[in-house]
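Q: Sharing a structure, written as structure tokens. Questions coming.
Any read-out appearing in this document is the output of simple, stated calculations on the displayed coordinates, not a laboratory observation. Computed from a predicted structure; not experimentally measured. Every residue, glycine as well, gets a Cβ built from its backbone with ideal geometry; the counts of neighbours run over all protein chains shown.
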């Protein structure tokens, strides 16, 4: 490697958990630092270098006009822009505001709402600038994060496994919590990467890694409602979660919510 | 082979003790995670005594039987393939040194397993995988070593589930060979049949009585009752040709809209053998391992060609799975890839039943 | 359980041999011919492959790629592979310098039908990089003249994409007829313009029942070339095609390269048209 790759980490509206996933890579971080110059990483160092960068990792969603401008600058400064986590990739938990009344939230929460400048929506980075790769997860998996940095380092196509959580369960011999116990589980429509953490502890998947590619959320929710007699009051919050705004989850959540309204069993 | 023997229930623990004494690791059904799974046991106390399973499409529940029999259930989410063809296998390593790469095949540790409680459909599943891994040119040497080292103790099925259709696939419910020992559970003990020299070795110097004619008849009755209780059917007459004539049937689209493409059916299937090898390397890329994992034709990447999937919708992936299992398996291996165990029906999170879909697909198109 | 593969002694299909890159020769844009040599001696003569077979070339950390043999194997322990840079592995191969090492498993798969090649007039049809696996057969014909007519029909997107152009004269000198066409001509191009199957018009096929057709190229081109051959009276079981699917294990154990009735790596890549015709027109199979 003739010259070290310059890495930057940027934060938008988020909890910092995905940046911590990078810091958690203790063993690999030292090896990484030998091959990568960590030029801008506020979570780890007060030395904030300027661009251009070879890789920009972007955490968080766009929720203010200022951030909407700042992401343009980040894009211009970076050769490869990778979003990390549910906020940056699908708007995050804060995208729940997209279903609510933003002005009302401000009035309820803040004594002086006029000081708050925020957008009415939380949107993923890809709604604002072209993104080279989206790493899903809330938070992202440390191994996958190091893996994609290694992909850039070694000039490989950036890639993580894009199968459902179910396959992860089955590879580990985990018994299906949905089939064997009737627990509502988003595993069949959720991207793997978590190691099937929840099903391993007898809980249903709540989709924190976001929808798997070509997720058939409609069929799963139909089954859960019609055959497993799950109520939309359970399923809508399950879908409207950390990846509420991810298209596959959003569509099914909205469809269920509309059905709920139609049946008149909403408060 | 020897005449069938009778193993009194109180002597059953001795069978396990003999297996352990002879250096086998005994893998058997046991209750865990709300299901009857296959795991290593040390005594008969770990068997699912008094438990049965109730199965429907997309549904599995444990239920107490109120009796003290150990094998009054059908099959669960696990199959023996996870021991013979483990879901994760390291296959080779590449280590970079001064003079370049050194390549080595990883030699896996081979355990002497005794599989206790193998059903007739599962014996059939093993034979299907034998043909894939051993009998079609290139040999999966690790599979061969595991298979050779293992002992198969079959148990004739007494309580099939509502999703079983082994009678249609002619794989059960009675075990007709392919085992080292076979048991039929009666209230007072087991009829014990010896299928191989390795099976006979387990019983060496054990003073067991021959099974009486009455018990032999009772044993046969267990299988006849099991066969009679199986409701689900699949018409296998010309099935290969009938399905291959319907590759553009509109029903593929209909089932494609229900299928989640989640891979569960292929993971629980005792014959599905698809796998994928990936690179696992350190950050410096000096120490690289190749890892083989179970894969699935429902995985979008599985048909990737030049960066694009050949089967780019769920419809075509479901069609690939079903036609491979029931039709093109014949072209490739001279038999069906389905043994009628019903796992794919039970463990489908949306209860898709291939026997129902086949009936629809073989109907004349409108 | 006593099961037997009747395979003694068992050799793991994952056994990888080291090869050393000898040289790289640019061919067309994005395509180069790599020469490798076995790094260890003792590879059995005849184990190096037949025309139409392929090797799995391995760059650790990137993976393996199935690459067809571009020259008939000889006893020198050298392999020629013409490679197009498309994916992770081939891009990694294109970053290698002579003296560097790769891994190799193979050769695998069925080759071109050499018995039929000996006894018949032969028409080879190659499109783009699809000429690479035919080149090994052309080399075989040059070393083993059959006395029958051998023709090669070549097509490419444009003249600069015509593979192995400097060699055509040598092929013709050994009695092989070479016809070229391009989809899009350049000002200096004097030759035929049009898709490769239109070259069939230039060919007289007086004995279609004593002629075999061997095709390799993009799937759509192979389909239409096969139909054209059928129309000219070549029987379906005398048309061979080299099929491309992603190969992972290369030995029929992983299922990845399935296309309908066939595991392409083990049953193919060279298959007869009559073995494919029942599934050829089903999209996304």
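Q: Take every DSSP beta bridge with both residues inside the protein assembly as shown and express the antiparallel ones as a percent of the total, to the nearest 5.
A: DSSP beta bridges in the protein assembly as shown are roughly 60 percent antiparallel.
Q: Counting residues in chain C as N, plug N into 2.2 N^0.38 Å and put the Cα Rg over that result.
A: Here the Cα radius of gyration is 1.00 times the empirical estimate.
Q: What area, in nm² and to one decimal, does the C-alpha convex hull of segment A:5-153 cast on average over all directions?
A: Quarter of the Cα hull surface area: 8.9 nm².
Q: Just tell me how shielded A:227-240 is by partners: mean number of partner chain Cβ atoms within 10 Å of each residue's Cβ, no decimals.
A: Averaged over the peptide's residues, the number is 1.
Q: Additional query: To the nearest whole number, what is the average tally of beta carbon atoms from other chains within 10 Å of the beta carbons of peptide B:104-114?
A: Averaged over the peptide's residues, the number is 1.
Q: Angle check, please: helix C:131-143 long axis (alpha carbons) against the longest principal axis of chain C (alpha carbons), in degrees 0 to 90, nearest 10.
A: Taking the Cα atoms of chain C, the angle to C:131-143 is about 80 degrees.
Q: On to the next question. Quick check for you: which residues of segment A:197-220 have the amide N under 15 Å from the point 7 Å beyond the Cα of residue B:313 toward its beta carbon?
A: Correct set: A:214-216.
Q: Sticking with this one: Just want the ordering: B:318, A:206, A:115, C:58, from fewest to most Cβ atoms lying within 10 Å of their own Cβ.
A: By the 10 Å Cβ count, ascending, the order reads A:115, A:206, B:318, C:58.
Q: Tell me, what is the FRET efficiency for residue B:225 and residue A:227 to the nearest 0.05, using R0 = 30 angstrom and their Cβ-Cβ distance as r?
A: My answer for the efficiency is 0.50.
Q: So how much slack lies between residue B:356 and residue B:335, counting 0.36 nm per residue of separation and subtracting their Cα-Cα distance, in nm?
A: 5.5 nm
Q: Could you check the simple spin-label distance between residue A:201 and residue A:114, using points 7 Å along Cα→Cβ, in nm with one decimal?
A: Between residue A:201 and residue A:114, the label points sit 4.7 nm apart.
Q: Also, I was wondering about something else. Kirkwood hydrodynamic radius of chain A from all distinct Cα pairs, in Å?
A: Value: 19.7 Å, from the Cα pair sum.
Q: Let me ask something else about it. Work out, step by step, the length gained on full extension between residue C:25 and residue C:143: first 0.36 nm times the residue separation, then minus their alpha carbon distance; give nm to one decimal.
A: That works out to 40.2 nm of additional length.
Q: Residue C:236 to residue B:364: FRET efficiency via 1/(1 + (r/R0)^6), r the Cβ-Cβ distance, R0 30 Å, to the nearest 0.05?
A: 0.60
Q: Rank-order A:62-70, C:118-126 by packing density, defined as the average count of other C-beta atoms within 10 Å over each peptide's residues, highest first.
A: Ranked from most to least packed, the peptides come out as C:118-126, A:62-70.
Q: For segment A:165-262, with equal point scatterers placed on the C-alpha atoms only and solvent neglected, what are the log10 I(q)/I(0) values from the Debye formula at q = 0.23 1/Å, to two decimals?
A: At q = 0.23 Å⁻¹ the computed log10 ratios are -1.21.
Q: Sticking with this structure for a sec: Report the Cα-based extents of segment C:114-242 along its three principal axes, largest first, to the nearest Å.
A: Reported extents, whole Å, longest axis first: 41, 31, 24.
Q: Separate question: Fewest to most neighbouring Cβ within 10 Å: what's the order for B:248, B:64?
A: Fewest to most other Cβ atoms nearby, the residues stand as B:64, B:248.
Q: Next up: Give the separation of the Cα centroids, segment A:21-94 to segment B:159-201, in Å.
A: 60 Å
Q: May I ask you to sort C:225, B:316 by Cβ crowding, counting other Cβ atoms within 10 Å and putting the fewest first?
A: By the 10 Å Cβ count, ascending, the order reads B:316, C:225.
Q: May I pose another question? Between B:183, B:283, B:260, find the one with the highest GNM mean-square fluctuation for chain B; connect C-alpha pairs within less than 10 Å.
A: Among B:183, B:283, B:260, the largest GNM mean-square fluctuation belongs to B:283.
Q: Take the Cβ-Cβ distance between residue A:106 and residue B:107 as r, set R0 to 51 Å, and report the resulting FRET efficiency rounded to the nearest 0.05.
A: 0.20
Q: Multiplying the sequence separation of residue B:214 and residue B:2 by 0.36 nm and subtracting their Cα-Cα distance, what value in nm do you get?
A: Taking residue B:214 through residue B:2 to full extension adds about 74.5 nm, to one decimal.
Q: Whole percent per 20 Å bin, from 0 to the bin with the longest distance: what is P(r) over all C-alpha pairs of the protein assembly as shown?
A: 13, 39, 36, 12, 1
Q: Helix C:219-231 sits at what angle to the longest principal axis of chain C, using alpha carbons and giving 0 to 90 degrees rounded to 10?
A: 50 degrees
Q: While we're here: Would you mind listing how long segment A:156-199 runs along its three principal axes, going by Cα atoms, in whole Å with the largest first?
A: Principal axes ranked by extent give 42, 18, 13 Å for the Cα atoms.
Q: If the elastic network links every pair of Cα atoms under 10 Å, which of C:55, C:88, C:248 fluctuates the most in the Gaussian network model of chain C?
A: Fluctuation is largest for C:88.
Q: Another question, if that's okay. Taking each residue of C:277-284 in turn, how many C-beta atoms of other protein chains fall within 10 Å of its C-beta, and what is the average?
A: Average neighbour count from other chains, rounded to a whole number: 4.
Q: Follow-up. Among C:271-278, C:144-151, B:110-117, how do they line up by average Cβ neighbours within 10 Å per residue, starting with the highest?
A: The peptides rank, most packed first, as B:110-117, C:271-278, C:144-151.
Q: Nearest 10 degrees, 0 to 90: what angle lies between the long axis of helix A:65-77 and the longest principal axis of chain A (Cα atoms)?
A: Helix A:65-77 sits at roughly 50 degrees to that axis.
Q: Moving on. Hey, for a label at residue A:31 modelled as a point 7 Å past Cα toward Cβ, could you say which residues of segment B:95-113 have their backbone N under 13 Å away?
A: So the set is B:96.
Q: Do you know the relative contact order of segment A:7-70, to the nearest whole percent, from alpha carbon pairs under 8 angstrom that are 6+ apart?
A: Relative contact order comes out at 54 percent.
Q: Taking 8 Å as the Cα distance limit and 6 or more residues as the minimum spacing, I'd like the relative contact order of chain A as a percentage.
A: Value for chain A: 17 percent.
Q: Another question about this same structure. Top mean-square fluctuation among C:71, C:92, C:226, Gaussian network model of chain C, C-alpha springs under 10 Å?
A: Of the options given, C:92 has the highest mean-square fluctuation.
Q: Further question on the same structure: With all pairs of different alpha carbon atoms counted, what Kirkwood hydrodynamic radius in Å does chain B show?
A: One over the average 1/r among Cα pairs gives 22.0 Å for chain B.
Q: Note down the relative contact order for segment B:239-361 as a percent, whole number, built from C-alpha pairs under 8 angstrom at least six residues apart.
A: Computed value for segment B:239-361: 34 percent relative contact order.
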